[in-house]
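Quick notes on the structure that follows.
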């Protein structure tokens, strides 16, 4: 299967925020890698994985208390 890449606009804007989100994203088995560009005004979260879904990522981010909105490419 092909690896998918999804991008989300978030409000994860500092290292403290990243540290809160990290354990939640790290536990997602379908996720191969993820990163947040905190220098981008939209705080872009990029995730890569084979069977990841938009809903899975948004639910996980919201569970931690942040917002995530899929960026349509």
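All of the numbers you see were taken from the coordinates with simple rules; none came from a lab. On a predicted model such as this, the values are computed, not experimentally measured, just so you know. Because the Cβ atoms are built from the backbone with ideal geometry, glycine has one as well, and the counts that use them run over all protein chains shown.
Between the helical axis of 54-64 and the dominant principal axis of the chain, each derived from Cα atoms, what acute angle in degrees is found, rounded to the nearest 10?
The helix 54-64 is inclined about 30 degrees to the chain.
What's the Cα-based Rg to Rh of the chain, Rh via Kirkwood?
We get a ratio of 0.93 for the chain.
Could you list 38, 3, 10 so that the one with the fewest beta carbons within 10 Å of its beta carbon is first and the one with the most is last?
3, 38, 10
Can you sort 69, 5 so the residue with the fewest Cβ neighbours within 10 Å comes first?
So the residues, fewest neighbours to most, are 5, 69.
Under 10 Å, Cα contacts only: if you run a Gaussian network model on the chain, which one of 18, 45, 31 comes out with the highest mean-square fluctuation?
Taking springs between Cα atoms under 10 Å, the residue moving most is 18.
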